Amino acid sequence: MHHLACISCKATFDHREILYQCPVCGHPLAVEYDLDCLVVDPKVWKERPLSVWRYRELLPVQGSPVTLQEGGTPLYHLKKLGEEMGLRELYAKHEGMNPSGSFKDRGMTVGVSMALELGKKTVACASTGNTSASLAIYAAKAGIHAVVLLPAGKVALGKVAQALIHGAEAISIRGNFDQALEMVHELCRSHGLYLLNSINPYRLEGQKTIGFEILDQLGYTPDRIVLPVGNAGNISAVYKGLKEFLSLGLIESYPMMTGIQAAGSRPVVDAIERNLPEVIPEPHPETVATAIRIGTPVNAEKALAAIRQTGGTAEAVTDAEILAMQKDLARKEGIGVEPASAASVAGVKKLLEYGKIERNERIVCVVTGHLLKDPETVVRQCSPPLEIDADLSSLLSALHL
Ligand code: F0G
């Protein structure tokens, strides 16, 4: 069985209570399991397909989940990029290969399943895009209504298209993501919609399975896991899962949890660099990686603990570094990711240059969303196809053979 617990004052609450923060002290909540009573058998897990639901004993859903076969994403060895950087063991976990094209599906299969178990018929989120796309597909599958709030003009085209075609009620806010999140949180509190942003502790449960899959795919614990950080939910979720694995005796040590932000939106990096007890919000976040254009990460408290307790670090990368790495991943490894995802690998490159990563480390970068999420940014970076007359001689003079 499981319950909700405040990460700060440790107050506990029944698992059926609908809470997004501690009613006693206002800090974030987490799902806690009675790990001593849990029967988990890695041999049984290995017989199930690699997916979020392989690890169902460590998930809060009781009945059959709302699933579109999320998880089980490829782990690629980045041989060429690794060689260029002087790293023999550099991997990318391609979360863009999930049903809606981002890691959010891991959280939403659990979150929407919980919405049904808690009797909720309308789900809601604020989003820089991917959360809304994912919520839309799982709400469609579950046959319930989804409301999504988006920062106007700052959501990549593919993500908006997904929210629309899957039938979410999409509203654009003349404001940024942080404001949209405050609004939807208030709406959910006052009107009883079920909030599925990452302040919902159940959603993060699904996302922790990224770490479980990495361990299963590698067959060992990597030295470092690197993630792009926006609202800081994903890095917190992966660390929480690893803590459970450690308590269960399934691993012996932690990978160094490493968070990468965009230079125009780097409150977590500043807090780590300056050893601050909490983040100072960035009122005007800006970056080409719109997925992580977030100035007030709601999971910062959890993320700072994840980084500090594992001896990890945080770094910021410029938009130019992000776009250069997006192209490198595409052209040297055949891996298409959206800009925010390229930030994790760009961060590794930078940390190596600064001497903050050892070259013998075994590193896994989580690349979080698919290239096709943001076609407009790609098209702006590349020359358009050359248009020619429909004859062979024009073709031959156009080609660089
Ligand atoms: N990468 C991508 C592609 C994302 O969409 C996000 C977050 C992140 C990284 C950062 O993850 O917030 O858990 O630190 N996207 C959210 C959204 C905010 O609304 O889609 P995080």
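The values are calculated or read from the model by the stated rules, or taken from the named source; none is laboratory data. Owing to the predicted nature of the structure, the values given are computational and were not obtained by experimental measurement. Cβ atoms come from the backbone with ideal geometry, glycine included; neighbour counts cover every protein chain shown. Heads up: the accessible areas ignore ligands, DNA and RNA and are worked out on the full protein's heavy atoms, side chains in. Shrake-Rupley method; radii C 1.70, N 1.55, O 1.52, S 1.80 Å.
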Cα→Cβ-extended label distance, 7 Å offset, between GLN179 and SER253, nm: 4.7 nm
Portion, in percent, of the accessible area of the chain that falls on carbon or sulfur, probe 1.4 Å: 52 percent
With Cα atoms, 0 to 90° folded angle of helix 130-142 axis to the chain main axis: 60 degrees
Degrees between helix 339-353 axis and first principal axis of the chain (Cα, 0 to 90, nearest 10): 80 degrees
Separation of alpha-carbon centers, segment 359-396 and segment 34-91, rounded to whole Å: 29 Å
Accessible area (Å², per residue) of segment 65-140, counting only protein heavy atoms and a probe of 1.4 Å: 30 Å²
Hits among lysines - C-alpha to C-alpha of LYS208 under 18 Å, sequence gap 8 or more where chains match: LYS46, LYS93, LYS104, LYS240, LYS243, LYS302
Rough spin-label spacing in nm, given labels placed 7 Å along Cα→Cβ, for LEU276 and ASP41: 5.0 nm
Kirkwood Rh, angstrom, segment 63-138 [1 / mean 1/r, Cα pairs]: 14.1 Å
Solvent exposure ordering (accessible area, 1.4 Å, most first) of GLU47, GLU32: GLU47, GLU32
GLU57 paired with ALA320, simple spin-label distance in nm, labels 7 Å along Cα-to-beta-carbon: 5.2 nm
Farthest positive-ward along the chain dipole, Cα basis, beta-carbon charges - from ALA142, SER100, VAL366: ALA142
Tilt relative to the chain, helix 104-117 - C-alpha long axis, 0 to 90 degrees, to 10: 30 degrees
Protein-only accessible surface order, largest first, of ARG16, ARG224 at 1.4 Å: ARG16, ARG224
Under 20 Å from the ALA152 label point (7 Å along Cα→beta-carbon), backbone N, segment 278-295: 284-287, 290-291, 293-295
Per residue accessible area of segment 262-401, 1.4 Å probe, in Å²: 49 Å²
